[in-house]
Amino acid sequence: MSLYGINAYTSNSYYSALLANKNNSLADSLSTFNKNASNGDNISKFLKEAIKTDKDTDLHTLARKVDLARSKGYKKAMTEEYKKQFSAEKTDSKADNNEVKLAENAKLLSGCAGAMAINGREIFSDPEQAVSAIKDFAESYNSTLDGLQKSDSINALEKGVSMVNTTKAYARALSHVGVKLGSDNRLTVDEEKLKSAPEGTLRSLFSGNYSFATKIADKASYISRAADIKAQVSYNVKGNMDYYNKMAVSIMFNDNI
């Protein structure tokens, strides 16, 4: 047996013995979680409790939390929590192939943001061109959030939350040039205020390697790749690929929960 095999066997044996303590039953904890996850009650509260730590936490409690984090029920509940970040009052419940659309919209967002980041001097010297570019950016940003709301890719959702948090950090600066962040995390553009915004302010926000636009372009590019992978895996698993190719693709990329 290899050294890795011995270590894995030893670790698993110790871990099993550690969790055998009747006073802190892992089975009871997982049963409680699965019950909450299945009926939708108090999931947010349970998740907060599950990840809470303090200096007095013992090994049994830590081990229980590790298993909760590994469970499919936990990941599913976390995905639903992520999705709440992109919720809107009206959604298109008839949309098909959402992962493909999300990949396309996120790619478009990355392109809009990237173009401003690279060509800011040219774009923001003309108020009309600046308005057009930022309106396209806001539209693709909102479309990306719509796609994230219905996505099942936890990788895309995680990066989507990061993107929203980045936008929130810039909300005050954006509002000064006529780009408002709403309570639903969508962007709206005040064209008149945007036209009168100083060119230097616009360039500092949307142009350059460390600008807001560059950060959004990077995150949108990651979202697009994650959604595209999710779409490919969904197709491949249902398609006519041979068994071994299916397994290889699923193992490498599948983030089903």
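The values are calculated or read from the model by the stated rules, or taken from the named source; none is laboratory data. Source: prediction; values computed, not measured. We place every Cβ from the backbone using ideal geometry, glycine too, and count neighbours over all the protein chains shown.
Would you confirm, using the coordinates I've provided, whether residue 132 is exposed (fewer than 14 other Cβ atoms within 10 Å of the Cβ) and over 25 Å from residue 226 (Cα atoms)?
Values: exposed (fewer than 14 other Cβ atoms within 10 Å of the Cβ): yes; over 25 Å from residue 226 (Cα atoms): yes.
Spelling it out, residue 132 is indeed exposed (fewer than 14 other Cβ atoms within 10 Å of the Cβ) and over 25 Å from residue 226 (Cα atoms).
Give me the pairs, please: first residue somewhere in region 94-108 and of a type in the set (S, T, N, Q) and assigned to a helix (DSSP H, G or I), second residue anywhere and modelled with pLDDT under 90 and surrounded by fewer than 17 Cβ atoms within 10 Å (Cβ to Cβ), beta-carbon distance under 9 Å, and either six or more positions apart or on two chains.
These pairs meet every condition: 98/150.
Residues in region 136-175 that are assigned to a loop (DSSP other than H, G, I, E, B) and more than 18 Å from residue 215 (Cα to Cα): how many?
From region 136-175, those assigned to a loop (DSSP other than H, G, I, E, B) are 150-153, 170; that's our starting set.
From the residues that got through so far, the ones that are more than 18 Å from residue 215 (Cα to Cα) too are 150-153.
Residues in region 136-175 being assigned to a loop (DSSP other than H, G, I, E, B) and more than 18 Å from residue 215 (Cα to Cα): 4 in total.
Scanning region 189-217 for residues that are among the polar types (S, T, N, Q) and within 27 Å of the chain's Cα centre (by Cα), which turns out surrounded by the most Cβ atoms within 10 Å (Cβ to Cβ)? Show your work before the answer.
Looking only at region 189-217, we keep the residues that are among the polar types (S, T, N, Q), and these are 196, 201, 204, 207, 209, 211, 214.
After this cut, where a residue has to be within 27 Å of the chain's Cα centre (by Cα) as well, the list is 204, 207, 209, 211, 214.
Numbers: 204: 17, 207: 22, 209: 8, 211: 19, 214: 18.
Filtering region 189-217 for residues that are among the polar types (S, T, N, Q) and within 27 Å of the chain's Cα centre (by Cα), the one surrounded by the most Cβ atoms within 10 Å (Cβ to Cβ) comes out as 207.
Go through 228, 242 for me and flag whichever is at pLDDT below 85 and either within 28 Å of residue 100 (Cα to Cα) or crowded, with 17+ Cβ neighbours inside 10 Å (or both).
Values: 228 fails: at pLDDT below 85.
So the residue among 228, 242 that is at pLDDT below 85 and either within 28 Å of residue 100 (Cα to Cα) or crowded, with 17+ Cβ neighbours inside 10 Å (or both) is 242.
Looking at 115, 103, can you tell me which residue is crowded, with 16+ Cβ neighbours inside 10 Å and over 26 Å from residue 231 (Cα atoms)?
On the way: 103 fails: over 26 Å from residue 231 (Cα atoms).
After applying the criteria, what remains is 115.
Being under 22 Å from the mean Cα position of the chain (by Cα) and part of a loop (DSSP other than H, G, I, E, B) is the filter; apply it to region 176-187 and report the residue that is surrounded by the fewest Cβ atoms within 10 Å (Cβ to Cβ).
Filtering region 176-187 for residues that are under 22 Å from the mean Cα position of the chain (by Cα) and part of a loop (DSSP other than H, G, I, E, B), the one surrounded by the fewest Cβ atoms within 10 Å (Cβ to Cβ) comes out as 183.
Within region 147-170, can you find the residues that are surrounded by 14 or more Cβ atoms within 10 Å (Cβ to Cβ) and over 29 Å from residue 231 (Cβ atoms)?
170
Yes or no: region 126-137 includes at least one residue that is of a type in the set (S, T, N, Q) and over 16 Å from residue 114 (Cα atoms).
The first filter runs over region 126-137 and keeps only residues of a type in the set (S, T, N, Q), leaving 129, 132.
Next, only the ones that are over 16 Å from residue 114 (Cα atoms) stay: none.
No.
Does region 121-135 contain at least one residue that is touching a strand residue (DSSP E or B) at 6+ places or on another chain (Cβ under 7 Å) and in a helix (DSSP H, G or I)?
To start, the set of residues in region 121-135 that are touching a strand residue (DSSP E or B) at 6+ places or on another chain (Cβ under 7 Å) comprises 134-135.
Among the residues that remain, those that are also in a helix (DSSP H, G or I) are: 134-135.
For region 121-135, residues touching a strand residue (DSSP E or B) at 6+ places or on another chain (Cβ under 7 Å) and in a helix (DSSP H, G or I): present.
In this structure, is residue 216 assigned by TED's automatic domain parsing to the domain that holds residue 134, assigned to a helix (DSSP H, G or I), modelled with pLDDT of 95 or more and closer than 21 Å to residue 101 by Cβ? Lay out the reasoning, then the answer.
Values: assigned by TED's automatic domain parsing to the domain that holds residue 134: yes; assigned to a helix (DSSP H, G or I): yes; modelled with pLDDT of 95 or more: yes; closer than 21 Å to residue 101 by Cβ: yes.
Against the criterion (assigned by TED's automatic domain parsing to the domain that holds residue 134, assigned to a helix (DSSP H, G or I), modelled with pLDDT of 95 or more and closer than 21 Å to residue 101 by Cβ), residue 216 qualifies.
Please find, among 173, 156, 169, the residue that is free of Cβ contacts under 8 Å to residues at least 40 places away in the same chain and under 18 Å from the mean Cα position of the chain (by Cα). Reasoning before the result, please.
Details: 173 fails: under 18 Å from the mean Cα position of the chain (by Cα); 156 fails: free of Cβ contacts under 8 Å to residues at least 40 places away in the same chain.
Sole residue among the options that is free of Cβ contacts under 8 Å to residues at least 40 places away in the same chain and under 18 Å from the mean Cα position of the chain (by Cα): 169.
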